[in-house]
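Report on one structure; see the data block that follows.
The values are calculated or read from the model by the stated rules, or taken from the named source; none is laboratory data. On a predicted model such as this, the values are computed, not experimentally measured, just so you know. Cβ coordinates were reconstructed from backbone atoms using ideal geometry, including for glycine residues, and neighbour counts include every protein chain displayed.
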Amino acid sequence: MSKREQEILGLVARGFTSPQIAEELSLSPETIKWYRKRLLSRFDADTSAEMIKIAIENKLI
């Protein structure tokens, strides 16, 4: 997982929305949506909650 993916995963876990993450990282909301889809795929998860659960279980956050 890239450093940027780790950053975004951490912000998702803290409850940030895609627009909030985009603002925080000075990226476009579309870029954040792309990263979130990529993370969901990487974790083989259907929802952000499931992705976060898997990340916590694997001590990634």
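Need pairs with beta-carbon distance below 6 Å; first residue under 20 Å from residue 33 (Cα atoms) and within segment 45-61, second part of a loop (DSSP other than H, G, I, E, B) and at pLDDT below 95; sequence gap 6+ or separate chains.
55/61
I want to confirm something. Restricting to segment 35-53 and keeping residues that are surrounded by 14 or more Cβ atoms within 10 Å (Cβ to Cβ) and among the hydrophobic types (A, V, I, L, M, F, W, C), which single residue is nearest to the chain's Cα centre (by Cα)?
By that ranking, first place goes to 39.
Of all residues in segment 24-61, how many are touching a helix residue (DSSP H, G or I) at 6+ places or on another chain (Cβ under 9 Å), part of a helix (DSSP H, G or I) and over 16 Å from residue 6 (Cβ atoms)?
Of the residues in that region, 4 qualify.
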